[in-house]
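Below: the structure, in structure tokens.
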Amino acid sequence: MNDPVTAETTARTTAKEGVSAPSAADQASAAWHRFSGPQRLFAAIEGVFDEEGFFLILSVFIGIFAGLAVVCFRLAIDWTHLALLGPLPQNHSWRLFLIPAVAGLVVSVLVIHIFPAIRGSGVNQTKAALYIFNGYIPFRTAIGKFICCALAIGAGHSLGPEDPSLQIGASLASAMGRQLQLPREKLRLMAPVGAAAGLAAAFNAPISAVLFVIEEVIGRWSAGILGSVVLSAVASVVIVRGFLGSEPLFRIPVTTFKRPAELIAYAILGIVGGVAAIVFAKAIGFLRPRLKALPRWTQYFQSAIAGLLIGLIGYLGAPQVMGAGYDFMDQAMHGQFTWQLLGALAALKILATTLSFVSGTPGGMFAPTLFVGAMLGGAVGGVEHIFFPHLVGSTGTYVLVGMGVLFAGFLRAPMTSVFMVLEVSGNYEIIVPVIVANTFAYVVSRALQRTSIFDLLTRQDGLVLPSLEEEREETVLHVEDAMLPAPAIILSGSDYVDAAAARIRNSPQSVFPVRLQPTGWSSISRDLLERLNQEGKGEHTLGALLSAQSLPSLYPDLPLDAALRFVNNVAFVPVVNRADSRKLEGIISSESVFQRYQAKHPQ
Amino acid sequence: MSWTFSKFVPRSAPAVLLILTFAAAAAFAAVSHLVTRFNANQQSRARRLYTRGLADANASRYADAIDAFRAALVCDPQNSQYQLSLARALRDSGDPRHLDEAESYLAALWQRAPDDGTVNLALGRVAARRGSIDDAIRYYHNAIYGVWTSDADAYRRKARLELIDFLLQKNARGQAESELIALATFLPAEAAGHLQAAQLFAQAQDYPNALTQYEDAIRLSRGDDRGGATAFAGAGEAAFRQGRYRTAQRFLRDAITENPADENSHALFDEAKEILAVDPFVHRISDAERNRRIASAFANAGERMTTCAQSKSISLNESDGSSAPNSLPALASRWSAMKPDLRRMSSHADTDLPDTVMDLIFQIEQQSAIECGEPHGADLALLLVSRGREAADE
């Protein structure tokens with residue numbers, strides 16, 4: 001059988017082997033004899049690496065550099081925080097009130113005059129670099145992001161360091177790719193590889209980082225880049241752990257899940273989390289374009305005013321909402337706050353983060369999302385505990401599950417949200433509550449707002465980028481959707497021309513499929529068959545005459561897009577059974593394909 | 001290779017990798033230097049905060065201590081000493097909500113050093129605060145058999161003493177006694193240690209072992225007036241609780257001599273004296289004296305029964321076949337019936353009679369105590385003698 005898909009794969013593999021493996025060996029051998037001493041070693045190494053191998057090694061270096069950059073970034077945030085606010089900010093301190101506003105003013109000036117491309121979280125910008133700018137992210141972006149985010153987060157703006165780390169990693173990788181003058185398709189991939197490294201280093205969670213980059217930055221599952229993304233993420237995490245220790249972000253308390261009935265309580269948390277995520281997303285989606293539309297001079301003060309309001313929240317008694325807030329998530333996990341306070345902190349954090357983000361202050365959404373989720377989880381758990389004291393697990397469990405809930409509902413990264421909680425907690429006992437709660441949050445959030453926050457922000461900026469979430473929703477057409485029933489008459493390669501001509505005489509068909517021996521398919525038209533018969537070739541078999549004209553065949557489950565390459569210039573393409581390629585399931589023609597597409601997307 | 005590198009780097013993959021390796025090494029060194037300096041700065045700041053926290057904790061200002069330790073940990077997050085101190089402050093703050101956090105800090109430290117005596121002791125104390133006997137035993141045992149950097153014996157002893165104290169509070173007397181026996185085996189030759197062990201044995205109502213430890217403490221505390229007085233008093237009480245009233249009298253007399261203000265010893269001494277005066281079963285008394293004591297006890301018991309019945313408005317004349325054999329009317333009936341038999345005691349005709357009379361006396365005293373509460377004087381002495389004999393029979 002001449003299977004197009006199989007044939008193509010084989011051809012590609014053969015071509016690849018023909019080019020890469022033998023030529024690499026030849027190159028190594030030639031180089032070995034041509035050079036002497038250290039040059040021989042170089043030549044040998046050069047012969048070993050093909051382009052793909054080199055890219056993988058480069059990914060490790062990207063991970064190392066991104067990891068080092070993130071270490072410096074975290075030190076910068078810590079140093080700024082300690083220098084400006086002190087190790088443990090107290091309520092009613094003048095610093096809380098003034099520092100975020102002053103920092104906001106400084107950041108605004110830097111963003112407007114020196115680093116205009118660093119607004120926002122960095123996730124969309126990295127995605128845009130991948131799809132629009134051929135992987136190009138100016139190195140200045142990394143510098144600007146580093147300085148401005150360290151200042152803003154350290155001064156107490158309600159933003160996180162993860163998304164900026166992602167963009168810093170992407171920017172470093174992009175700069176490295178440009179310096180090495182990588183081909184365009186490789187340069188384009190540098191941004192997500194660096195992004196995964198940056199995010200993994202910031203979050204100390206390589207699996208979540210890889211999944212997030214696939215879900216939100218690349219926007220589609222692509223096996224080609226997966227190896228590089230994983231390598232860079234792991235390398236960066238190793239670097240960060242080497243410098244900053246392997247301590248997890250939180251001290252995880254004992255988390256338990258014993259009774260299936262508890263899932264009801266987690267489902268309620270998921271629903272509440274989904275609604276909170278929508279409130280959060282709507283607030284940002286509503287305010288951001290309006291503030292951007294204000295006169296340019298107001299942009300100098302937007303971040304400062306946001307800082308002033310956040311400082312006021314801290315001054316009046318909730319300094320927990322300032323900065324990334326990991327320490328307070330840790331305390332919430334250990335039952336340090338009442339459910340009322342947890343609920344209030346969740347609401348105030350949504351307000352503070354919305355203010356920081358819509359004012360154009362550069363910084364990430366990860367940490368605030370986790371904070372809101374943690375507090376909301378604890379609060380919902382506390383309330384449920386009042387009504388169902390025997391049903392509800394520990395506060396720590398609810399806080400952990402809550403983190404994933406907001407992640408799924410607000411960032412709309414359901415897979416990342418599950419793995420993030422598992423990776424952070426290191427506890428697989430809570431996987432079922434996490435999946436249940438996250439699913440509810442995701443479904444509620446998606447039902448109330450179709451567009452995710454990242455897509456919303458992208459569209460507000462006038463860009464259209466691929467979305468994995470939308471791809472997931474899209475129905476993929478298969479060959480079977482456009483397949484026509486198998487014709488009534490199927491000729492065999494062993495049939496004689498005169499017998500075949502007699503057989504088709506009363507048939508309304510104009511073209512007939514021919515099953516060749518031992519495998520394969522061909523077709524013959526009524527006109528050709530009758531002409532061959534009249535030319536005196538009635539004693540010949542169809543197989544002998546048509547052996548050079550075999551048709552490609554398709555399987556019913558193949559994507560319909562794959563059929564497009566084969567239906568042109570032929571009357572039909574046979575669709576055969578995967579288990580028995582001689583069994584004709586149906587046929588597909590260019591008309592049937594286009595009709596099916598038109599039915600899916602009517603004009 | 002078919003693809004091109006930058007104009008700034010040689011067109012060779014090994015060269016590029018070499019340059020990247022050098023660049024990474026240089027960046028690594030630079031970041032190392034930066035991190036080291038930053039950490040040194042942070043650690044210095046953390047030490048100042050930690051010192052402040054320790055001062056607050058020592059002054060029982062736990063809220064301030066917690067803030068200071070938290071701030072120290074912000075600056076030096078992986079410092080085990082700070083984590084341990086914060087965990088202790090959280091535990092000792094008295095706020096039950098803090099116990100979870102304290103435990104999680106300690107659990108993290110435990111995972112790093114599961115045989116560390118300090119961490120296990122702290123975890124044992126958290127478990128004790130929670131009232132969890134199994135966890136407390138586990139962590140205290142880990143502490144007892146764990147690694148201590150200095151003064152290991154003293155810390156191990158302290159851990160065991162705390163465990164015993166906790167078990168006694170939880171009324172787990174059997175487990176407490178096991179721990180006490182283990183403790184006593186390895187006690188050093190110091191009066192204080194034996195005294196503490198004796199007190200715990202006494203708390204566990206293991207009076208024989210308590211008396212042994214008190215005696216060791218007395219032997220080791222010669223010249224220590226205060227320690228001696230406590231040991232004498234304890235030994236006296238331990239002997240008294242065992243029914244060894246002569247020994248008790250001897251120790252209590254010494255205790256009163258050492259500390260005349262010791263009212264408990266005075267009371268016990270008087271009680272022992274009374275018991276020895278009324279008990280017909282003590283050794284080295286003549287038959288006549290024994291008969292006199294029985295007769296006196298019989299009269300006392302009758303009087304006690306009558307007084308008690310009057311106070312509770314119980315008629316002693318209403319005894320019939322249906323009343324319980326231990327009810328006061330039934331006992332009164334038996335007492336009246338036995339009264340004439342007392343005269344026969346001096347005749348030696350009936351050798352079982354003294355025991356039969358004393359059994360009735362003991363029943364009357366016990367039932368009266370149930371109906372009317374603990375008596376005083378000779379009745380109390382008789383009651384204690386009866387309980388001592390019951391215990392001896394068991």
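Values quoted throughout were computed directly from the atomic coordinates according to the rules given, and no laboratory measurement underlies them. Small disclaimer: the values here were computed from a predicted structure and weren't measured. Here the Cβ is made from the backbone with ideal geometry for all residues, glycine too, and neighbour counts use every protein chain on show.
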(Q) Per-residue Cβ counts within 10 Å, from other chains only, averaged over B:40-52: what number is that? (A) 1
(Q) Suppose each label sits 7 Å from its Cα in the direction of the beta carbon; what would the residue A:544-residue A:580 distance come out to in nanometres? (A) 2.9 nm
Q | chymotrypsin sites (Phe, Trp or Tyr not before Pro) lying in DSSP loop within region A:202-284, provided at most 15 other Cβ fall within 10 Å | A | A:221
**Q.** Inter-chain Cβ neighbour average for residues B:98-108, partner chain, 10 Å
**A.** 4
Q: Could you list, by residue number, the cysteines of the protein assembly as shown that have no other cysteine's beta carbon within less than 4.7 Å of their beta carbon?
A: A:72, A:148, A:149, B:75
Q) So what is Rg over Rh here for region B:50-112, counting just Cα atoms and using Kirkwood for Rh? A) 0.94
(Q) I need the calculated FRET efficiency for the pair residue B:359 and residue B:185, taking r as the beta carbon distance and R₀ as 45 Å, to the nearest 0.05. (A) 0.60
Q: With label points built 7 Å along Cα→Cβ from the Cα atoms of residue B:276 and residue A:598, find their separation and express it in nm.
A: 12.3 nm
Q. Taking amide hydrogens as modeled 1.01 Å from N in the peptide plane, which residues meet the under 5 Å criterion relative to residue A:478, leaving out close sequence neighbours?
A. A:560
Q: Name the residues whose placed amide hydrogens come within less than 5 Å of the amide hydrogen of residue A:524, ignoring near sequence neighbours (fewer than 5 apart) on the same chain.
A: A:512, A:514
Q.
I need the calculated FRET efficiency for the pair residue A:488 and residue A:450, taking r as the beta carbon distance and R₀ as 45 Å, to the nearest 0.05.
A. 0.45
Q: Using the number of other C-beta atoms within 10 angstrom as an exposure proxy, rank B:153, B:379, A:330 with the fewest first.
A: B:153, A:330, B:379
Q. What is the spread of the Cα atoms of region A:479-600 along each of their three principal axes, largest first, in whole Å?
A. 48, 28, 22
Q: Would you mind pulling out the separation of the Cα centroids of region A:406-459 and region A:144-161, in Å?
A: 25 Å
Q: Would you list, by chain and number, the lysines whose Cα falls below 25 Å from the Cα of residue B:312, excluding same-chain residues fewer than 8 positions away?
A: B:339
**Q.** Mean projected area (nm²) of the alpha-carbon convex hull when region B:287-393 is viewed from all directions
**A.** 7.0 nm²
Q: Take the alpha carbon atoms of region B:256-275, find their center, do the same for region A:169-186, and report the distance between the two centers in whole angstrom.
A: 94 Å
Q. Where is the GNM fluctuation largest for chain B (alpha-carbon springs, 10 angstrom cutoff): B:376, B:33, B:141?
A. B:33
Q. Of the beta bridges DSSP finds with both residues in chain A, what % are antiparallel, to the nearest 5?
A. 85 percent
Q) What trypsin sites (Lys or Arg not before Pro) does region B:3-103 have in DSSP loop regions with at most 11 other beta carbons within 10 Å? A) B:7
Q. Between residue B:192 and residue B:338, what FRET efficiency comes out of the Förster formula 1/(1 + (r/R0)^6) with R0 = 30 Å and r the beta carbon distance, rounded to 0.05?
A. 0.05
Q) For region B:227-330, which trypsin sites (Lys or Arg not before Pro) are both in a DSSP coil and crowded by at most 15 other Cβ atoms within 10 Å? A) B:284, B:312
Q) Taking the alpha-carbon centroid of each part, what is the distance from region A:230-258 to region B:159-195 in angstrom? A) 43 Å
Q. With each pseudo-label sitting 7 Å past Cα toward Cβ, what's the residue B:55-residue A:83 distance in nm, one decimal?
A. 2.8 nm
Q: In square nanometres and to one decimal, what's the mean projected area of the convex hull around the Cα atoms of chain A?
A: 36.4 nm²
Q: For residue B:390 and residue B:135, calculate 0.36 nm times their separation in residues minus their Cα-Cα distance, and state this gained length in nm to one decimal.
A: 88.0 nm
Q. What is the pair-distance distribution P(r) of region A:262-466, computed from all Cα-Cα distances in 10 Å bins starting at 0, with each bin given as a whole percent?
A. 10, 36, 34, 16, 4, 0
Q. Quick one: A:521, A:297, B:335, fewest Cβ neighbours within 10 Å first, how do they rank?
A. A:297, B:335, A:521
Q: Name the lysines eligible as straight-distance cross-link partners of residue A:127: C-alpha to C-alpha under 25 Å, and not fewer than 8 places from it in the same chain.
A: A:145, A:186, A:282, A:292
(Q) List the aspartates and glutamates whose Cα sits under 16 Å from the Cα of residue A:258, skipping any in the same chain fewer than 8 residues away. (A) A:429
**Q.** Cβ neighbours within 10 Å from other chains - mean over B:76-82
**A.** 1
Q | Mean Cβ neighbour count within 10 Å, used as a protection proxy, ranking A:504-516, A:447-459 highest first | A | A:447-459, A:504-516
